[in-house]
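Please read the structure below before turning to the comments.
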Amino acid sequence: MPDVDLTGITAEPVEKYLYSLLRPRDKVLTFLEQDAEKNNVRIIGPLVGNFLSLLATSCKAKNILEIGTATGYSGIWLGRVARQNGGKLTTIEADPSRVEIASKSFHDAGIEDFVEIINGDARKEVPNIAKRSPGKFDLAFIDVGDKSLYVELLEDCIVALSIGGYLVADNTLWKGRVATAARDRDTTTIKEFNKKVFADVRLLPALLPMRDGVIVALKEK
């Protein structure tokens, strides 16, 4: 197979159709979507956001862990479910400027009382959370720019999850490069992460060809 960078996972007409079915977002999410397009901020977008909300709602997620806050877009989708279930979203972001933006986003979305933003290094914070609160979280979502964290923090995320909880990670098809002979660091790391998730007997996994690929794994034991 040639070492090429594929431009998309889903055919463009199908992609447009999927987006056409989505319900309109409120002004906070719409603003963040427009900001992401204007300033090249990587967010999950409404297709994956809608899926996250559905998944979190279906498992009645109360305590949710997010690794990679960015501007707060995915956190709003998840935080609203946590609020609905009387719980809390714990989200980790290393960049202080993004913490400030996300704080405003959560305030504007009316969920600031149901969100704890940790401004710190996920390499330190996630192991601490797993050690302090094993089995606490109903859903853990990984979406960070440094893809090495996917592999490094996988075990801690599994430990932090409750039985019946879901591990979710974005960008797990990596523009289709995982299906090629590409050997760059990020592609290799995502391949390793996917392999580890599917090999872990504690998890029941699936990889969805949605947007840039979303892995979902149920913690069974």
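The values are calculated or read from the model by the stated rules, or taken from the named source; none is laboratory data. Please read all numbers here as calculations on a predicted model, not as lab measurements. Methodologically, a virtual Cβ is constructed for each residue, glycine included, from the backbone with ideal geometry; neighbour enumeration extends over all protein chains shown.
For the reader, a short list of remarks on this structure follows.
- In region 211-221, residue surrounded by the fewest Cβ atoms within 10 Å (Cβ to Cβ) [restricted to those that are over 25 Å from Ile43 (Cβ atoms) and of a type in the set (Lys, Arg)]: Lys221
- Scanning region 159-210 for residues that are under 20 Å from Leu139 (Cβ atoms), within 16 Å of the chain's Cα centre (by Cα), surrounded by fewer than 22 Cβ atoms within 10 Å (Cβ to Cβ) and of a type outside the set (A, V, I, L, M, F, W, C) yields a count of 2.
- Asp170 modelled with pLDDT under 95 and not hydrophobic (A, V, I, L, M, F, W, C): no
- Pairs linking a residue in region 198-218 that is under 25 Å from Glu15 (Cβ atoms) to a residue that is small (Gly, Ala, Ser) and surrounded by 17 or more Cβ atoms within 10 Å (Cβ to Cβ), with Cβ atoms under 7 Å and 6 or more positions apart or on different chains, are Pro205/Ala217; Leu207/Gly213; Arg211/Gly45; Ile215/Ala169.
- Here Glu37 does not fit the description of being assigned to a strand (DSSP E or B) and either among the charged types (D, E, K, R) or crowded, with 18+ Cβ neighbours inside 10 Å (or both).
- Options Ser103, Ser74: the member that is hydroxyl-bearing (Ser, Thr, Tyr), surrounded by fewer than 23 Cβ atoms within 10 Å (Cβ to Cβ) and not in a loop (DSSP other than H, G, I, E, B): Ser103
- Residue among Asp156, Asp143, Asp138 that is crowded, with 22+ Cβ neighbours inside 10 Å and touching a Pro at 6+ places or on another chain (Cβ under 8 Å): Asp156
- Subset of region 87-112 (residues that are among the acidic types (Asp, Glu) and in contact with a helix residue (DSSP H, G or I) (Cβ under 8 Å, 6 or more places away or on another chain)): Glu93, Asp108, Glu112
- Beta carbons closer than 6 Å, at least 6 apart along the sequence or on distinct chains, pair a first residue in region 40-52 that is under 21 Å from Ile101 (Cα atoms) and assigned to a loop (DSSP other than H, G, I, E, B) with a second that is hydroxyl-bearing (Ser, Thr, Tyr) and at pLDDT 95 or above for Val41/Thr71; Ile43/Tyr73; Ile44/Ser74.
- The lone exception for Glu66 - which of (1) part of a helix (DSSP H, G or I); (2) surrounded by 21 or more Cβ atoms within 10 Å (Cβ to Cβ); (3) charged (D, E, K, R) it fails: (1)
- Residue in region 14-23 that is under 25 Å from Tyr150 (Cα atoms) and out of contact with any helix residue (DSSP H, G or I) (no Cβ under 8 Å at 6 or more places or on another chain) present: no
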